[in-house]
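Heads up, the thing below is written out as structure tokens.
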Amino acid sequence: MAEKASSKYDPTFAREVFKHVDAGEEIVKCMQCGVCAASCPLAEKMEFSPRKIFTMIRAGEREKVLGSKDIMLCTSCYTCIVRCPRKVPVMEVMHGLAHYALRQGFVPRRESAKFGREFWKCIYNTGRVNEAKAMQGYYLSDGLVAGAKKGLEMKDIALNMLTHGRMKFKSLVPIIPAAKIKDIASLRKMLDKAREMGKGGSPS
Amino acid sequence: MKYFLYSGCSLEESASNYLKSVEAVGKALGLEFAEIEDWNCCGASISYVGANKLSQEVLNARNLALAEAQGGYDIVAPCSSCYIVMNQVNHELKENEEQREKVNQILAEGNLKFKGTTRVRHVLDVLFYDVGVEKIKAAVKKPLKGIQVGGYVGCQTVRPYGEYDSVERPVIMDRIIEALGARAVDFTHKVRCCGSGIFLTELDFGFELVGEILRTATDKGAEVMTTACPLCQLNLEAYQSRINQKLGTNYHIPVTFITQLMAVAFGMDPNKDAALNQNLIPVDKVLKVAA
């Protein structure tokens, strides 16, 4: 009996998570109480709650975890973090898993991945995020036609923002580039180095 | 008192009415704001998609190091996302020497160094603890009498440390609303998430989250919503007609920033100072007070 139960546990993936996923080592503290699952505002939309994801990591279910839509449904509300009795930064583990999954070629959630990439691209290219440019980048990431269609679906809101002075006209025109911070060159060097030195990369 | 006002990216455009009203109210209450020269984006919460944790730490450590070098005043963030991200990095780097050294090794690319000598604070914290309810009350010239305000604090505004208010049942926004002469409506979803940065990419879920916030607030009689976060404000205000279509509701409730209400109550210009003309849903009840 005991042998059968332990044979279900495969620590290979858990080791990979500890080593390569930001905050991944924190899951050892999880005692499976489920407070995170009960606190999450989107838990009912998930197949696997954070608690289940942690169990699946311990069980070595690599593909199922990294391919799960649920590791990327986090709104970053910090409710799980402030409530976890074992002080597991659940949200950070989810962010870490999603980042790692994307770099491993999984796409847990396509739309959020596209938007998130555009958002980060704005930061890397200019040092700040011009919201309208980030939106355009996101809409156009599927090509001009699909982007135009998506943009048109939101045109009432965009127009409303524009006429109320909450979006600048030059931000709306794709060919006018967003302003950069002065020392963008050194910021990029820093970010390149941080990507290299931090976690999240491929297992070696 | 002098502070750095870290306006952040949203206040540059989509929440420019927040920035205008923060500056106006700050001036009226004797707060002096300086800008951190050459600040960069905090990365918000969604940056985990494109960046690892170290990159997000470096991004914020750069701002903190710039602020330290430029005078070291407390950094005030009106945006809850800026506040939570920057405050957390500041705490973690102060406490973790190994991580601090790693980050400083990277910041050296720009001849910067994080020392850990400043504080990051939310604008609500500064208004309540540095200015105080008594001083706010004393500045009120046109009380918002009879207006029922739903103070939607939002989730990130008071988290993760609860340094100035409860992470589950915050009260200071309501105390400020009351100081302005309005009635603070108590409702269950004061700190329930609005969907934040994934609202846009998971619209249907976002509609449900905001729908519940508006339902619980209006059920208790809220006529005007108020927030202290640009993304909360946008998500609650801009999509109301879509939410109505989707959920079969009939919301048309104005959503303000707390500093807009303050500017009106202080008798300041409703457009130039409170920037109410930039709200998508007219704030008629409040404008009547201003008239």
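Taking region A:67-109, which residues are among the aromatic types (Phe, Trp, Tyr) and in a loop (DSSP other than H, G, I, E, B)?
Within region A:67-109, A:Tyr78, A:Phe106 qualify.
If I ask for residues that are among the charged types (D, E, K, R), part of a helix (DSSP H, G or I) and within 14 Å of chain A (Cβ to nearest Cβ), which ones from region B:10-40 would you list?
B:Glu12, B:Lys20 - these are the residues of region B:10-40 that are among the charged types (D, E, K, R), part of a helix (DSSP H, G or I) and within 14 Å of chain A (Cβ to nearest Cβ).
Out of the residues in region B:107-161 that are polar (S, T, N, Q) and in a helix (DSSP H, G or I), which is nearest to the other protein chains (Cβ to nearest Cβ)?
This residue is B:Gln156.
I'm trying to understand the selection: among the residues of region B:168-189, which are in contact with a helix residue (DSSP H, G or I) (Cβ under 6 Å, 6 or more places away or on another chain), assigned to a loop (DSSP other than H, G, I, E, B) and touching a residue at least 40 places away in the same chain (Cβ under 8 Å)?
The answer is B:Leu180, and nothing else.
For B:Ser196, work out the one condition from (1) at negative phi; (2) touching a residue at least 40 places away in the same chain (Cβ under 8 Å); (3) within 14 Å of chain A (Cβ to nearest Cβ) it doesn't fulfil.
Failed condition: (1).
Return yes or no: is B:Ala51 within 24 Å of B:Asp269 (Cα to Cα) and not acidic (Asp, Glu)?
Here the answer is no, as B:Ala51 does not meet what is asked.
Tell me whether region B:46-56 contains one or more residues that are closer than 19 Å to B:Thr256 by Cα, modelled with pLDDT of 95 or more and among the hydrophobic types (A, V, I, L, M, F, W, C).
Scanning region B:46-56 turns up no residue that is closer than 19 Å to B:Thr256 by Cα, modelled with pLDDT of 95 or more and among the hydrophobic types (A, V, I, L, M, F, W, C).
Report, by residue number, each residue of region B:51-85 that is among the charged types (D, E, K, R) and closer than 15 Å to B:His122 by Cα.
Hit for region B:51-85 is B:Asp74, nothing else.
For A:Arg188, state whether it is at the interface with chain B (Cβ under 7 Å from one of its Cβ atoms), at pLDDT 95 or above, in a helix (DSSP H, G or I) and surrounded by fewer than 20 Cβ atoms within 10 Å (Cβ to Cβ).
When the stated conditions are applied, A:Arg188 does not pass them.
Working only within region B:88-126, note down all residues that are touching a Ser or Thr at 6+ places or on another chain (Cβ under 8 Å) and over 18 Å from B:Ile36 (Cβ atoms).
Residues satisfying the conditions are B:Glu109, B:Leu124.
Can you tell me which residues in region A:136-154 are part of a loop (DSSP other than H, G, I, E, B) and within 12 Å of chain B (Cβ to nearest Cβ)?
Listed by number, the residues that qualify are A:Ser141, A:Met154.
Going by the conditions given, is A:Ser112 among the hydroxyl-bearing types (Ser, Thr, Tyr), more than 30 Å from A:Val28 (Cβ to Cβ), in contact (Cβ under 8 Å) with a residue 40 or more places away in the chain and facing chain B (nearest Cβ under 10 Å)?
No.
Working only within region B:79-95, note down all residues that are surrounded by fewer than 20 Cβ atoms within 10 Å (Cβ to Cβ) and within 10 Å of B:Glu57 (Cβ to Cβ).
Matches in region B:79-95: B:Glu92 only.
Determine, yes or no, whether B:Val76 is among the β-branched types (Val, Ile, Thr), within 11 Å of another protein chain (Cβ to nearest Cβ) and buried (at least 16 other Cβ atoms within 10 Å of the Cβ).
no
Considering only region A:59-74, state which residues are touching an Asp or Glu at 6+ places or on another chain (Cβ under 9 Å) and within 11 Å of chain B (Cβ to nearest Cβ).
Hits for region A:59-74 are A:Lys69, A:Leu73.
Is there a residue in region A:120-128 that is assigned to a loop (DSSP other than H, G, I, E, B) and in the same structural domain as A:Ile184 (by TED's automatic domain parsing)?
Yes, that holds for at least one residue.
Grab the helices (runs of 4 or more DSSP H) fully contained in region A:1-54, keeping just those with 1 or more residues being modelled with pLDDT of 95 or more and touching an Asp or Glu at 6+ places or on another chain (Cβ under 9 Å).
A:11-20
Any residue at all in region A:12-27 that is of a type in the set (Phe, Trp, Tyr) and away from every other protein chain (no Cβ under 12 Å)?
yes
Out of everything in region A:90-109 that is closer than 11 Å to B:Val49 by Cβ and among the small types (Gly, Ala, Ser), what residue ends up being farthest from the other protein chains (Cβ to nearest Cβ)?
A:Ala101
Considering region A:155-180 alone, what residues qualify as being outside any helix (DSSP H, G or I), crowded, with 16+ Cβ neighbours inside 10 Å and within 9 Å of chain B (Cβ to nearest Cβ)?
A:His164, A:Arg166, A:Met167, A:Lys168, listed by residue number.
Scan region B:65-98 residue by residue and report those that are in contact (Cβ under 8 Å) with a residue 24 or more places away in the chain and not in a helix (DSSP H, G or I).
Hits for region B:65-98 are B:Gln70, B:Gly71, B:Gly72, B:Tyr73, B:Asp74, B:Ile75, B:Val76, B:Ala77, B:Pro78, B:Cys79.
The values are calculated or read from the model by the stated rules, or taken from the named source; none is laboratory data. All values reported here derive from a predicted model rather than from experimental measurement. Here the Cβ is made from the backbone with ideal geometry for all residues, glycine too, and neighbour counts use every protein chain on show.
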